[in-house]
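Worksheet for the structure shown next.
The values are calculated or read from the model by the stated rules, or taken from the named source; none is laboratory data. Values in this document were obtained by computation on a predicted structure and should not be read as measured data. Using ideal geometry, Cβ is built from the backbone for each residue, glycine included, and neighbour counts are taken over all protein chains shown. The area values use the complete protein model at the heavy-atom level, side chains included, leaving out ligands, DNA and RNA. Shrake-Rupley method; radii C 1.70, N 1.55, O 1.52, S 1.80 Å.
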Amino acid sequence: MGQRIAISGASGFVGRALIAHLERSGHEVLRLVRGSASEPHGVRWQPDTGELDGRALGAVDAVVHLAGENVAGGRWTPARRAAIAASRGPTTERLARSLARLPVPPRTLISASATGIYGDCGDARLDERTPPGQGFLAEVAQAWEAATQPAASAGIRVVHLRIGMVLDQSGGALARMLLPFRLGLGGRLGSGQQWVSWIHRQDLVAAIAFLLGQESLRGPVLAVAPEPVTNREFTRALGRALRRPAVLPVPAFALRLLFGAMADELLLSSQRATPRALLTAGFQFAHPNLAEAFAAALAPGARTA
Ligand SMILES: NC(=O)c1ccc[n+]([C@@H]2O[C@H](COP(=O)([O-])OP(=O)(O)OC[C@H]3O[C@@H](n4cnc5c(N)ncnc54)[C@H](OP(=O)(O)O)[C@@H]3O)[C@@H](O)[C@H]2O)c1
């Protein structure tokens with residue numbers, strides 16, 4: 001049966017595709033809109049205070065919380081670090097409190113997190129049982145997950161979705177890589193030995209829809225494809241998919257010069273994660289293999305949102 005679902009970060013790269021997927025599947029979707037909400041299906045929400053228009057929201061079955069300052073949106077100046085952190089832990093805690101106070105709280109809160117929570121882990125295999133690591137992103141993600149506690153204390157089922165690199169040509173990391181790769185300027189980053197935990201955007205939104213119906217699943221859930229690859233393999237596969245050479249490595253020092261600390265934590269950091277919880281629960285990936293995922297994501301008629 002269709003559920004009534006509210007989504008924060010609805011206008012983002014994941015939110016847009018999620019809304020399209022849920023609406024196609026017969027769910028009713030409400031968008032949590034920052035500031036004054038005048039759009040249809042929009043519910044006003046103030047991240048800075050946590051104020052939520054409970055009357056417009058009504059009774060929802062679930063909330064999917066995707067909102068947050070874009071992590072790759074620019075060099076990590078002190079101001080950007082502050083904005084990234086403030087829009088995760090504190091914002092999530094205020095939202096969790098507001099949800100807990102609703103006359104009829106939602107049954108489920110699926111709250112975004114990231115594989116960055118593990119820090120830089122080299123070749124170690126990671127799953128939901130692996131403890132968090134160190135670094136700016138790892139700390140932000142830990143605070144982000146901990147911030148949902150008011151919702152859990154109110155009896156709401158909370159899922160922490162530890163998302164890997166989301167692939168689709170219409171946004172995110174892949175959209176940023178396409179131009180240099182198409183110009184034949186693609187190449188491995190640093191040594192290329194760092195592991196990339198990726199997921200096709202269509203599998204991510206299908207996994208979120210699947211989790212909405214898994215009443216017994218809670219806590220951390222990795223949203224990554226079952227086959228992580230090294231950056232070297234990722235680079236080769238993208239070059240092949242675009243039929244372009246991808247042989248110009250970008251040295252680590254150049255990445256650090258260009259991107260500062262963001263280079264080490266986003267581009268050179270290694271996470272070899274497997275989606276244990278999703279696979280155990282029986283979720284079936286439509287795009288488990290990277291070469292095939294690139295082919296699907298880059299096909300001229302690929303669905304974009
Ligand atoms: N894309 C990835 O590869 C990836 C990987 C790991 C984790 N994630 C996480 O998954 C979530 C969704 O990712 P995405 O790629 O869709 O991100 P996105 O495209 O940057 O969208 C995030 C949305 O959050 C809202 N937002 C922006 N700044 C905000 C702020 N300061 N305070 C509150 N809300 C703000 C905006 O939506 P509204 O204007 O509609 O409010 C924005 O469209 C994010 O939290 C992201 O960190 C993404």
Quiz item: Out of region 121-144, which residues are of a type in the set (Gly, Ala, Ser) and either under 13 Å from Ile84 (Cβ atoms) or assigned to a helix (DSSP H, G or I) (or both)?
Solution: Gly135, Ala138, Ala141, Ala143
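Name the residues in region 170-190 that are in a loop (DSSP other than H, G, I, E, B) and either within 13 Å of the ligand (Cβ to nearest atom) or among the charged types (D, E, K, R) (or both), would you?
Narrowing region 170-190 to residues in a loop (DSSP other than H, G, I, E, B): 170, 183-188, 190.
Scanning region 170-190 gives Ser170, Arg188.
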Exercise. Take Gly260 and decide whether it is touching a residue at least 24 places away in the same chain (Cβ under 8 Å) and in contact with a His (Cβ under 7 Å, 6 or more places away or on another chain).
Key: no
Quiz prompt | Residue satisfying condition, being touching a residue at least 24 places away in the same chain (Cβ under 8 Å), within 13 Å of the ligand (Cβ to nearest atom) and small (Gly, Ala, Ser), within set Ala147, Ala154, Ala82, Ala100 | solution = Ala147
Quiz item: Which ranges mark the helices (runs of 4 or more DSSP H) fully within region 1-120 that have 3 or more residues being open to solvent by 20 Å² or more (accessible area, probe 1.4 Å), in contact with a Lys or Arg (Cβ under 9 Å, 6 or more places away or on another chain) and not hydroxyl-bearing (Ser, Thr, Tyr)?
Solution: 13-24
Practice problem: Consider only pairs whose beta carbons are under 8 Å apart and that are at least six residues apart or on different chains; among these, list those whose first residue lies in region 229-241 and is closer than 11 Å to Gln193 by Cα and whose second residue is buried (at least 19 other Cβ atoms within 10 Å of the Cβ) and among the aromatic types (Phe, Trp, Tyr). | Solution: Val229/Trp195; Val229/Trp198; Thr230/Trp195; Asn231/Trp195; Phe234/Trp198
